[in-house]
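Undergrad: Sharing a structure here in structure tokens format.
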Amino acid sequence: MTRNRWARRNGARRGCWILLFGFIPVVVFGAERPDWAFPEADKVQPPSLASESEPKPPPGSTKSYTRKQIDDLSNPPDWYPDMHPPMPPVVAHGAKTFACGSCHLPTGTGHDESAYLAALPVPYFVQQMVDFKSGARKGFGVMPTIAEALSDEEVQSAAAYFASLQARPWLRVVETDTVPKTYVAPGNIRLNLPDGGAEPIGSRIVELPEDEKAALNRDPKSGFVAYVPMGSVARGEALVATGDGKTTKCAICHGETLKGLGVAPPIAGRHANYIVRQLYFFQDGSRSGPSAALMHGVVQKLSVDDMVAIAAYLASLEP
């Protein structure tokens, strides 16, 4: 039954050092790494949906691209140029590395395996690049390598571009007991396993494209659905709104609407698995930059189930 809303360590539990009460180190135990939130391409792949050499343009687009052009990470397709302002070179074509628009799309909405960048404050965006370069933010995927290759001017131009974009709905949240069986395709995007049937969702989030071919073609008008365990949204709302004795009320830093406050980023309507990854990274110390220090105490007592609930609720909100 469904209801609509929407640095790996060994062993089951692990410890990390957090500085509390001045400079006194204490050991606190964190949640087990939720591997399902870190999609990596499976070694054995089923037949690809992206095999057509001349993909059809999405509805309303006058552009056309070959499969090779669509998969070019240094020059991603721009199906709808009127949806956004002119892209700076680092977003449209990259420089010494991939173009920002290849993973995060020209609209900044991104995919489950990347991040939603639209409407991020410029200072926050810039600080994340600084942290990736210094190693203070270790992250998931290729971002540390990409950040290292970018000049300060490129970072500033990308930050200004994504800050100028209007956030828009991109996710549909569905509470469910069962989900389609999936696999992770090249590019780390999770897709339905052909003829795979269904399986229990357990204590995880499964985020899939609404239209798989559209997602593989990098269509910025085709969003995602996040399947979450039954009861997650209400549980997450309690944690976000009150802390529920385990954390801090999110609105204190992120604003009453959770759409950002000052340099604190917006968290409403973001990819659910991205939120889980970041909460885990704050807890295990993979994010340790200046702004990240504010989050360490916030996540200290959270279990993976708590992270799932928080992410489910946030993803269900208007961005």
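The values are calculated or read from the model by the stated rules, or taken from the named source; none is laboratory data. Note that the coordinates shown come from a computational prediction; the quantities given were computed from them, not determined experimentally. Ideal geometry is used to build each Cβ from the backbone, glycine not excepted, and the neighbour counts take in all protein chains shown.
Undergrad: Of all strands (runs of 3 or more DSSP E) completely enclosed by the stretch 129-211, which ones contain at least 1 residues that are among the acidic types (Asp, Glu), within 18 Å of the chain's Cα centre (by Cα) and surrounded by 21 or more Cβ atoms within 10 Å (Cβ to Cβ)?
TA: Those strands (runs of 3 or more DSSP E) span 206-209.
Undergrad: Those residues that are more than 22 Å from Phe132 (Cβ to Cβ), in a loop (DSSP other than H, G, I, E, B) and under 18 Å from the mean Cα position of the chain (by Cα), I need them from the stretch 288-317; list them, please.
TA: Ser316, Leu317
Undergrad: What number goes with the only condition from (1) modelled with pLDDT under 95; (2) touching a strand residue (DSSP E or B) at 6+ places or on another chain (Cβ under 6 Å); (3) aliphatic (A, V, I, L, M) that Val228 does not pass?
TA: (1)
Undergrad: Something else about it: Can you find, within the stretch 26-52, the residue that is surrounded by the most Cβ atoms within 10 Å (Cβ to Cβ) among those that are under 24 Å from Asp195 (Cα atoms) and at pLDDT below 90?
TA: My answer is Ala50.
Undergrad: From (1) under 30 Å from Ser134 (Cβ atoms); (2) buried (at least 22 other Cβ atoms within 10 Å of the Cβ), pick out the condition that doesn't hold for Gly255.
TA: (2)
Undergrad: Same structure again: Take the residues of the stretch 62-109 that are of a type in the set (Gly, Ala, Ser) and closer than 14 Å to Asn217 by Cα: which is surrounded by the most Cβ atoms within 10 Å (Cβ to Cβ)?
TA: Gly101
Undergrad: Something else now. May I ask you to list the residues in the stretch 107-123 that are of a type in the set (Ser, Thr, Tyr) and in contact with a Cys (Cβ under 7 Å, 6 or more places away or on another chain)?
TA: Within the stretch 107-123, Ser114 is the sole residue that qualifies.
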